[in-house]
Amino acid sequence: MISIDRRGFLAGSAAAASVTGIYPAWASTMSHGSAGKGSATLSGGEVALTIANSAFQVNGRTGHAVTINGTVPGPLLRFKEGQRARITVRNELDEDTSIHWHGALVPFAMDGVPGISFPGIKPRSTFVYDFPVIQSGTYWYHSHSGLQEQIGHYGPLIFDPAEPDPVHYDREHVIVLSDWSFMHPHLIFARLKQEGGFFNRHKLTLMDRVNGTNPLPPEERAMFARMRMDPTDIADVTAATYTYLINGHSPAENWTGLFSAGERVRLRIINSATQTIFNFRIPGLPMTVVAADGINVKPVETDEFQIGNAETYDVIVTPGDRAYTIVSEGIDRSGMAVATLAPSAGMRAAVPPLREPPVLTMADMGMSHGGGDSGHSDMAGMAGMAGMDHSAAGGSASAGAPSASAPMDMSAMNMRDKSTVDFPVGVGVDMIAPMPADRTGDPGIGLGNVGHRVLNYRDLAALKPFPDQRPPTRRIDIHLTGNMERYMWSMDGQKLSESPEPYRFERNERVRMRLINDTMMTHPMHIHGHFWQLVNGHGANQPLKHTVRVLPGSFVDLDMTADAPGDWAFHCHLLYHMHAGMMRVVKIRPLEGDQA
């Protein structure tokens, strides 16, 4: 629950884990709620963190990591709502570093984004983050410098509520999901620039067409061929180089969380992966989702959910007297992270095999309203928005698009027609989705027919009504753009390095942001310093999110109260997409003390 406060509307030891060995199932490490390989829990008003180079071992092989107090993930930081957090960060690297408090509502000078909100932390220097804790929930922290996040610079962050927690539980475990590679992150990026599908081992072959195993109908195969698009291009970086970790442990190392039979166990699940969207499930154990991105939601039971990079979910499970396997499968199904919940040490349940890899369809090209529940109309929830200015940055989502009811001539459809939008385009934009649909009712790529319940965004409703019920006064359309073949990523056709005009908002303005995905990849989009209301049909109880997955060929409507003055980062949380340019600045004025 976020405090109704500042914004007026939002009601270890450094040596302990620098190197660890591979653990057999009978000797798996135990956790009692703190994060990963040897990491500690740090709490109280004063916390000290040291960022340094360390050795880190996965499956008996040692590589280089950037660690926080010597561990991957970094220490679990725990503060209480109403407390003041003072975090002293020492940089022992030979390069600049930073820490961004992901999802935390802090003054913009404490947000930790070099070049936007502060200059960064120079080598062999110290910076003190100092901010009031005005919210509660499950969050995390990570570097916003270079590609340090890929090699270990991340950790969990929990704000405990000042009032009694409405979620009742007997035990908790923090589950930090991540992806690890021994390949240097700059080399990974270079490989992607050389060939966008470099790590894709699921490409369809000639034999797939000859023996009839190609899952796409002929007309869709022909369209993908004409567009030079790959229907198996689900994830940029895959298990070809990644090992997927839970709390720093590989599947073979088998992190284990203990419980007593019949306990209500709270799992705080954080996707801190660099490039991997995960499908999370515990076979045989239903999960009740009680919070999303740190904010309490009305409890909803499910068997699986897709969790985008930087999203968090809190779930309650009530396990029986046996072991259960935690399965966090990569969105492309090239690999999975695996861990165990068990009533005693040494137990392990069966690990399910990887499921068949998914393929993209015409809906992912933005050429069909059949991919999701298109009944959630373009203007749903727009009551009271007469007279809105729809001419802000970006064109209308439907500009130049054929009507939903018009017959589609697939052979004539030109998906590279850039005359339908009013933002600058060039070689960095290879596609404009002609019929983007609201797919918030879609559980995510590959999860439409898995035979059990899967959470989607329309299942989420805030536990408490959102206090600011003013209708938005305008809508700003923002296109997520790219050229997958050249690995170029942008927003409204421009990279951050091209110094595009910031998205500007008046302080306390109520605005609707429509994110339109013109690409064929899912983008987890993150706004700093604010929470969006996800427009999903729940009225005053529409859920609050700081990170939202925007599915291919779709749009998502997000309402925001721009109440935090300053300059804020806004970007895709796929690290290499952000690094390639899919990032912009949100500028909110006036600042404190300025003339209104």
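The values are calculated or read from the model by the stated rules, or taken from the named source; none is laboratory data. Just so it is clear, the structure is predicted and the values come from calculations on it, not from any experiment. As a convention, Cβ positions derive from the backbone with ideal geometry for all residues, glycine included, and neighbour counts pool all protein chains shown.
What the table shows:
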{"quantity": "Checklist (1) more than 23 Å from GLY146 (Cα to Cα); (2) of a type outside the set (Lys, Arg); (3) touching a His at 6+ places or on another chain (Cβ under 7 Å); (4) at pLDDT 95 or above applied to SER272, failing item", "calculated": "(1)"}
{"quantity": "Residue tally, condition assigned to a strand (DSSP E or B) and over 22 Å from THR232 (Cα atoms), over the stretch 418-453", "calculated": "1"}
{"quantity": "Some residue of the stretch 101-117 being crowded, with 23+ Cβ neighbours inside 10 Å and of a type in the set (Asp, Glu)", "calculated": "yes"}
{"quantity": "From ARG333, ARG322, residue being at positive phi, basic (Lys, Arg), assigned to a loop (DSSP other than H, G, I, E, B) and surrounded by fewer than 24 Cβ atoms within 10 Å (Cβ to Cβ)", "calculated": "ARG333"}
{"quantity": "Filter pass, THR547 being hydroxyl-bearing (Ser, Thr, Tyr) and either modelled with pLDDT under 95 or crowded, with 24+ Cβ neighbours inside 10 Å (or both)", "calculated": "no"}
{"quantity": "Enumeration of residues in the stretch 100-110 that are under 20 Å from the mean Cα position of the chain (by Cα) and in a loop (DSSP other than H, G, I, E, B)", "calculated": "GLY103, ALA104, LEU105, VAL106"}
{"quantity": "Candidate set from the stretch 139-157 (those that are outside any loop (DSSP other than H, G, I, E, B) and among the aliphatic types (A, V, I, L, M)); member that is surrounded by the fewest Cβ atoms within 10 Å (Cβ to Cβ)", "calculated": "ILE151"}
{"quantity": "Check on MET488, at pLDDT below 95 and either at positive phi or among the hydrophobic types (A, V, I, L, M, F, W, C) (or both)", "calculated": "no"}
{"quantity": "Count - residues of the stretch 249-290 that are hydrophobic (A, V, I, L, M, F, W, C) and part of a loop (DSSP other than H, G, I, E, B)", "calculated": "8"}
{"quantity": "Near pairs, Cβ below 8 angstrom, 6+ apart or cross-chain, from the stretch 416-433 (modelled with pLDDT under 85) to any residue that is polar (S, T, N, Q)", "calculated": "PRO424/GLN494"}
{"quantity": "Those residues of the stretch 489-504 which are closer than 16 Å to ILE116 by Cα and in a strand (DSSP E or B), in sequence order", "calculated": "TYR503, ARG504"}
{"quantity": "Check on ASP179, assigned to a loop (DSSP other than H, G, I, E, B), crowded, with 16+ Cβ neighbours inside 10 Å and either at pLDDT below 60 or charged (D, E, K, R) (or both)", "calculated": "no"}
{"quantity": "Among residues of the stretch 61-99, those that are under 27 Å from TYR242 (Cβ atoms), in contact with a Ser or Thr (Cβ under 6 Å, 6 or more places away or on another chain), not polar (S, T, N, Q) and not in a loop (DSSP other than H, G, I, E, B), counted", "calculated": "2"}
{"quantity": "Residue satisfying all of: in the stretch 345-362; more than 18 Å from PRO251 (Cα to Cα) and not charged (D, E, K, R); surrounded by the fewest Cβ atoms within 10 Å (Cβ to Cβ) among these", "calculated": "PRO357"}
{"quantity": "The stretch 419-444 - residue that is among the β-branched types (Val, Ile, Thr) and touching a helix residue (DSSP H, G or I) at 6+ places or on another chain (Cβ under 7 Å) and, of those, surrounded by the fewest Cβ atoms within 10 Å (Cβ to Cβ)", "calculated": "VAL425"}
{"quantity": "Lone qualifier among ARG124, ARG61, ARG78, ARG84 - being farther than 25 Å from PHE570 by Cα and modelled with pLDDT under 95", "calculated": "ARG61"}
{"quantity": "Any hit, the stretch 577-588, residues being surrounded by fewer than 23 Cβ atoms within 10 Å (Cβ to Cβ), under 13 Å from the mean Cα position of the chain (by Cα) and not in a strand (DSSP E or B)", "calculated": "yes"}
{"quantity": "Test for ASN309: is it at pLDDT 95 or above, assigned to a loop (DSSP other than H, G, I, E, B) and within 18 Å of THR243 (Cα to Cα)", "calculated": "yes"}
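Conditions tested, residue by residue: (1) surrounded by 15 or more Cβ atoms within 10 Å (Cβ to Cβ); (2) touching a Gly at 6+ places or on another chain (Cβ under 7 Å); (3) within 27 Å of ARG281 (Cα to Cα); (4) modelled with pLDDT of 85 or more.
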residue: ARG171; (1), (2), (3), (4): yes, no, yes, yes
residue: HIS184; (1), (2), (3), (4): no, no, no, yes
residue: ARG191; (1), (2), (3), (4): yes, no, no, yes
residue: GLY196; (1), (2), (3), (4): yes, no, no, no
residue: PHE199; (1), (2), (3), (4): yes, no, yes, yes
residue: VAL210; (1), (2), (3), (4): no, no, no, no
residue: PRO217; (1), (2), (3), (4): no, no, no, no
